[in-house]
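What follows is a set of notes on a single structure, which appears directly below.
Rule-based calculations on the coordinates, nothing more; no lab input. These numbers were taken from a predicted model, which means no experiment stands behind them. Neighbour counts are summed over all protein chains in view; Cβ atoms, including those assigned to glycine, are modelled from backbone coordinates with ideal geometry.
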Amino acid sequence: MQKLTILLLLPLLFAGCGTVPDDNTPQTETGFPVVIEDAFGKEVKIENPPERIVSIAPSHTEILFALELGEKIVGVTNWCNHPEEAKTKTRVGDMHLDFEAIVSLKPDLVVGIRSMQEDNLLRLEKLGLKVLAIEPKGIEGTLEAIETLGRATGKSTKAKEIIGEIQDQLGRIKAKTPKPKVLIVLDLDPLFTVGPGSLQHDLLELAGGENIASSTNNPWPQLAEEVVIEQNPDVILFTEAGLKERILAKPAWQNLKAVKSGAIYTVESDLISRPGPRIGLAAQKLAELMSK
């Protein structure tokens, strides 16, 4: 299940200054302090636009860079690999954080995801740091996360711009009729896929596909081989290198429509799993693959 937890991470933040900036200085907005209800149900009061931000979720990191806050980000996780600039930031660990390193960076805001990092976030709070836990779920939750991080950093106008761009991208997707039946393979033996409650499921359905695991009540269901054979997907998507060869080598899958037609395609795991500014591109990519 470690692969499944890795699929969901990535934060980023940034805020500006109160002095009159030149043309190259990112702009922030007035309206501080702001009070935000976090994923724990607690009110987090942010007195001023953050100047030193640590992001412990890759999705948030992407959002913060999209908000033009790169100069304010002082620490990120080992998994934060987009955009390229994220790779130049101080690394503070992964699921096992380097708390000493985080404290030494003197952040005035740390952002993370509650479901993935609850214990870490609570420990950071006990260390006296300002922590904002955001729990993006699905497409709508991703847009809300962008709006929330915009408010928290004084970049609400930029956040609205990003949200508008994503909505435009999603609105341009022309779904196929009838919908192809799709299986997204996260891992084989055992077979793990995506179900309702996951961002990948939302994106797949919006892009015009029918998820063969849509009847499950689990974002990350484990499917029996018999279910795949019964559902007989038209398209199989996979996210890990080497999976296509293993899929093609499964004797019981030789008569699947996707296998017989060659409709087995790779899709970037980070792109379709991170609730951030690239979800419009992710939906477009899924739609393209299903239209081949």
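Within the range 168-258, list the GluC sites (Glu not before Pro) lying in a DSSP loop whose Cβ has at most 15 other Cβ atoms in a 10 Å radius.
Details: sites: Glu205, Glu210, Glu225, Glu226, Glu230, Glu240, Glu245; in loops: Glu240.
Sparse-neighbourhood loop GluC sites (Glu not before Pro): Glu240.
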The chain: radius of gyration and largest Cα-Cα distance (Dmax), Å
20.2, 67
Percent of all Cα-Cα pairs per 5 Å bin for the range 98-149, counting from 0 up to the last occupied bin, reads 5, 19, 28, 21, 14, 10, 3, 0
Radius 14 Å from Cβ of Ile36, net charge of other residues (Lys, Arg +1; Asp, Glu -1)
-1
Using alpha carbons only, how many angstrom separate the centre of the range 232-292 from the centre of the range 39-105?
31 Å
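Roughly speaking, what is the stretch gain from Lys260 to Leu188, that is 0.36 nm per residue apart minus the C-alpha to C-alpha distance, in nm to one decimal?
Working: separation 72, 0.36 × 72 = 25.92 nm, distance 1.90 nm.
Full-extension gain reported as 24.0 nm.
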Across 10 Å bins from 0, what is the distribution of all Cα-Cα pair distances for the range 83-198, in whole percents?
10, 27, 34, 21, 6, 1
In Å, the Kirkwood hydrodynamic radius from C-alpha pairs for the range 181-290 sits at 13.7 Å
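What net charge is computed for the residues neighbouring Ser261, neighbours being all others with C-beta under 12 Å from the C-beta of Ser261, Lys and Arg scored +1, Asp and Glu -1?
Values: positive: Lys257, Lys260, Lys292; negative: Asp234.
Here the count lands on +2.
Only counting other Cβ atoms within 10 Å, I'd like Ser214, Ser198 sorted with the fewest neighbours first.
In order of increasing Cβ crowding within 10 Å: Ser214, Ser198.
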Proximal lysines relative to Lys260, as straight alpha-carbon distance under 21 Å, when same-chain residues fewer than 8 apart are discounted
Lys176, Lys179, Lys181, Lys244, Lys250, Lys292
Amide H of Asn211 versus every other amide H placed in the peptide plane: which residues, excluding those fewer than 5 positions away on the same chain, fall under 5 Å?
Val182
Can you list the lysines whose alpha carbon is less than 22 Å from that of Lys72, not counting same-chain residues fewer than 8 positions off?
Lys45, Lys87, Lys89, Lys106, Lys130, Lys155, Lys158, Lys160
